[in-house]
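Undergrad: Sharing a structure below in structure tokens format, with a few things to ask.
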């Protein structure tokens, strides 16, 4: 008789967004006239930029003609896209990353969930707390996290690095040495960042103890301050200790288009084994390439017109972030993030729990956000709002909060 | 110091198609005038059908407008696609499969590689021999296959079920009970099939011993004979023992568009645990949905115009299959497959090895195929040709074989 992967049964229910949906639905039923504004989920709302739409139409037409049809894509991505990425995201920033160190994928969620596969099961992971749940859950499924304490929300074999107001959202080096260190910068959910000097400390630390940094830079496009690095490879020595994961979801609105990439430098080695060759083998065995049409869309992100249009789109969201941040400050809230990221992380007032504040905001202002405790134990007492709504709704939400909450 | 997943190091090099490419390139250099015809790789060549192209253009336009933009797709796929699949591929064939048992993915390669994750590491797998390499390799990466003997090409913990001319390409029940049984029908590489009665035997066997059948039906659209099942759920009892994997790559030419789906019936349980809930959890954690544009393309496959156009496309390839099969027979070859599948599997003449025949065919007819031994030890002495070329080249290839080989 076959058996299942018992690690799956250890996973606690994934109730965050379904609980939010239920609460909102119950409130709406009881208050049918309330016009609820949602600033909870990290999904974009602006349409795909015209330059990208044009590129997709062109690629669709190519697929309809025998002479320009494209079948299986190269496992690791089309050269036209990998070279464009290398040139624009790395060479232009002084990072010595070549096209053949870039692996095109269907998004950073898949990559951040799958990357752990190439490491040993008894490797110890370290995550910031609060954290994007995929990092932990994918390691639970692989049997790398020990046992779960439902009360504390803590896995016995995971190293948690609190990132809270008290340490200015900069994680400290853990007491026990980790093997794999997940860092998301700019950070989801806190919207905070590390400076280049702070990230350099982590690179030095990883090289010293023999750890790999899994660096999620999905929100890179939102960086506005000069001393925040756009890539971990801006730090010296990162090529021997870091894998960088990138997404087109937030810089180009590709949440429903699906494209991302991982950078695995050839210098990154465990003894004689290059992680590049392991990840290439995984891609070749378990993935059949991102769609041709989508890879052409990705290429258009870097065209002159694409860059201009996306700069405007990111600006639109960051203006929302400013509106939220300033509005909350005016209303007396303690607020973080929102300068180099589309997320605003606020301290709940009057020692409310995250869920108490959720109810408070829903009832008093008809605004939906995400309770910080949904991202881990040290998210308790915080709350996330996103800048991905439209401007008019965002303005109104903040006006309501100022008046009522 | 971190460690890698040592299972990856056990994988033998994946040299089949790169060796072919090298040999072809060397021959072409030595014989610059030779016009080589490639009937080796299982990639399609016909363009995407007009009804699907129209649907993609429409979806691209929707993505370009705020009011019709689509962000994150539902984890398991859009209802419009899942319902269309359930209705056309299952209900219409008398299979009681509902939309919420269908999981939309980016293709059958990913699904067939990932599905093993929800099972225990010490489960024993059984595969046909020869076999699509992804089934075995994904289990090697998971540490489920024991040690490899390079000489015999055999893994110590894998149960091999020979499918050869001697048993009419129908695998026999293995002596040792497997936990997971991979069956690809119509088969890649042999192009042969099981009848409904033969598949029913496997379903009964799996239910009896408590095994799960991982049923890859990627080539379903090529079935021309009445007694060959289009879905394993045409067999009684399959819903308690089988997961079906399906692809749009070969019925609709989506090798570069990327779309597939898995069917996990809710009745399929290991004790109290439904595999449906495990696979849903995996999708939700490690995947972010197939692109909206691609899911709309998938829907168009089932439109009236789409069906008519694809029937013609499949007919085009199956006419090639007929040309190859009859041509080889006329030339005195022993030939299998090609009736319910786009692959022709031939016995190499004069006790040549698969690679000897590869060289023979390249040199004598300037035709490239795939050596059977590349698919496993029992593929030795066989050779695969595919019907996915264009008609004119296929005709010429067979004419050359008749004349020279």
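The values are calculated or read from the model by the stated rules, or taken from the named source; none is laboratory data. Bear in mind that the values here come from a model prediction, so they are computed numbers and not experimental data. Glycine also receives a Cβ, built like all others from the backbone with ideal geometry; neighbour counts cover every protein chain displayed.
Undergrad: Name the single residue, out of those in the stretch A:108-117 being touching a helix residue (DSSP H, G or I) at 6+ places or on another chain (Cβ under 8 Å) and facing chain B (nearest Cβ under 10 Å), that is surrounded by the most Cβ atoms within 10 Å (Cβ to Cβ).
TA: Here the residue is A:109.
Undergrad: Among the residues of the stretch B:313-334, write down those that are surrounded by fewer than 22 Cβ atoms within 10 Å (Cβ to Cβ) and within 14 Å of chain A (Cβ to nearest Cβ).
TA: If the condition is that a residue be surrounded by fewer than 22 Cβ atoms within 10 Å (Cβ to Cβ) and within 14 Å of chain A (Cβ to nearest Cβ), then B:313, B:316 are the ones that fit.
To keep it simple, each residue is scored yes or no on (1) surrounded by 14 or more Cβ atoms within 10 Å (Cβ to Cβ); (2) more than 7 Å from chain A (Cβ to nearest Cβ); (3) in contact with a strand residue (DSSP E or B) (Cβ under 7 Å, 6 or more places away or on another chain).
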{"residue": "B:8", "(1), (2), (3)": "yes, no, no"}
{"residue": "B:20", "(1), (2), (3)": "yes, yes, yes"}
{"residue": "B:24", "(1), (2), (3)": "yes, yes, yes"}
{"residue": "B:28", "(1), (2), (3)": "yes, yes, no"}
{"residue": "B:32", "(1), (2), (3)": "no, yes, no"}
{"residue": "B:43", "(1), (2), (3)": "yes, no, no"}
{"residue": "B:63", "(1), (2), (3)": "yes, no, no"}
{"residue": "B:75", "(1), (2), (3)": "yes, yes, no"}
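Undergrad: Still on this structure, I have one more. Between A:389, A:369, which is more than 24 Å from residue B:67 (Cβ to Cβ) and assigned by TED's automatic domain parsing to the domain that holds residue A:333?
TA: Result: A:369 is the single residue among A:389, A:369 that is more than 24 Å from residue B:67 (Cβ to Cβ) and assigned by TED's automatic domain parsing to the domain that holds residue A:333.
Undergrad: Being touching a strand residue (DSSP E or B) at 6+ places or on another chain (Cβ under 8 Å) and touching a residue at least 24 places away in the same chain (Cβ under 8 Å) is the filter here, so list the residues in the stretch B:268-301 that pass it.
TA: Within the stretch B:268-301, B:268, B:275, B:278, B:279, B:280, B:283, B:287, B:289, B:290, B:295, B:298 qualify.
Undergrad: Return the residues of the stretch A:118-134 that are more than 8 Å from chain B (Cβ to nearest Cβ) and either more than 15 Å from the chain's Cα centre (by Cα) or surrounded by 23 or more Cβ atoms within 10 Å (Cβ to Cβ) (or both); say none if nothing qualifies.
TA: A:124, A:125, A:126, A:127, A:128, A:130, A:131
Undergrad: Cβ-Cβ below 6 Å, separation at least six or inter-chain, first residue in the stretch B:348-366 and closer than 12 Å to residue B:382 by Cβ, second in a loop (DSSP other than H, G, I, E, B): which pairs?
TA: B:348/B:381; B:354/B:380; B:357/B:348
Undergrad: Here's something else I'd like to know. Tally up the residues in the stretch A:265-301 that are surrounded by fewer than 17 Cβ atoms within 10 Å (Cβ to Cβ) and assigned to a loop (DSSP other than H, G, I, E, B), please.
TA: 4
Undergrad: What is the residue count in the stretch A:182-199 for residues that are more than 14 Å from chain B (Cβ to nearest Cβ), in contact with a helix residue (DSSP H, G or I) (Cβ under 9 Å, 6 or more places away or on another chain) and more than 22 Å from residue A:325 (Cα to Cα)?
TA: 3
Undergrad: Determine if the stretch B:230-242 includes at least one residue that is surrounded by 22 or more Cβ atoms within 10 Å (Cβ to Cβ), within 11 Å of chain A (Cβ to nearest Cβ) and in contact with a helix residue (DSSP H, G or I) (Cβ under 8 Å, 6 or more places away or on another chain).
TA: yes
Undergrad: Testing residue B:152 on (1) assigned to a loop (DSSP other than H, G, I, E, B); (2) under 22 Å from the mean Cα position of the chain (by Cα), one condition comes back false. Which one is that?
TA: Condition not satisfied by residue B:152: (2).
Undergrad: Kindly indicate which of A:86, A:92 is in contact with a strand residue (DSSP E or B) (Cβ under 9 Å, 6 or more places away or on another chain), over 26 Å from residue A:139 (Cβ atoms) and in the same structural domain as residue A:263 (by TED's automatic domain parsing).
TA: A:86
Undergrad: A further question follows. Residue check, residue A:202 against (1) within 27 Å of residue B:278 (Cβ to Cβ); (2) in contact with a helix residue (DSSP H, G or I) (Cβ under 9 Å, 6 or more places away or on another chain), all met but one. Which one?
TA: Exception for residue A:202: condition (1).
Undergrad: If you don't mind, another one. Anything in the stretch B:249-267 that is more than 10 Å from chain A (Cβ to nearest Cβ), in contact with a strand residue (DSSP E or B) (Cβ under 9 Å, 6 or more places away or on another chain) and touching a residue at least 60 places away in the same chain (Cβ under 8 Å)? List them, or say none.
TA: B:261, B:262, B:263, B:264, B:265, B:266
Undergrad: Restricting the search to the stretch A:141-181, which residues are farther than 23 Å from residue B:286 by Cβ and within 14 Å of chain B (Cβ to nearest Cβ)?
TA: Selection gives A:176, A:177.
Undergrad: Let me ask something else about it. Any residue in the stretch B:35-46 that is in a helix (DSSP H, G or I) and either more than 28 Å from the chain's Cα centre (by Cα) or modelled with pLDDT of 95 or more (or both)?
TA: Looking through the stretch B:35-46, none of the residues is in a helix (DSSP H, G or I) and either more than 28 Å from the chain's Cα centre (by Cα) or modelled with pLDDT of 95 or more (or both).
Undergrad: If you go through the stretch B:48-83 one residue at a time, how many are closer than 25 Å to residue A:72 by Cβ and assigned to a helix (DSSP H, G or I)?
TA: 12
Undergrad: Output the strands (runs of 3 or more DSSP E) that fall wholly within the stretch A:318-405 and possess 1 or more residues being touching a helix residue (DSSP H, G or I) at 6+ places or on another chain (Cβ under 7 Å) and closer than 23 Å to residue A:27 by Cβ, or say none.
TA: A:343-347, A:382-386
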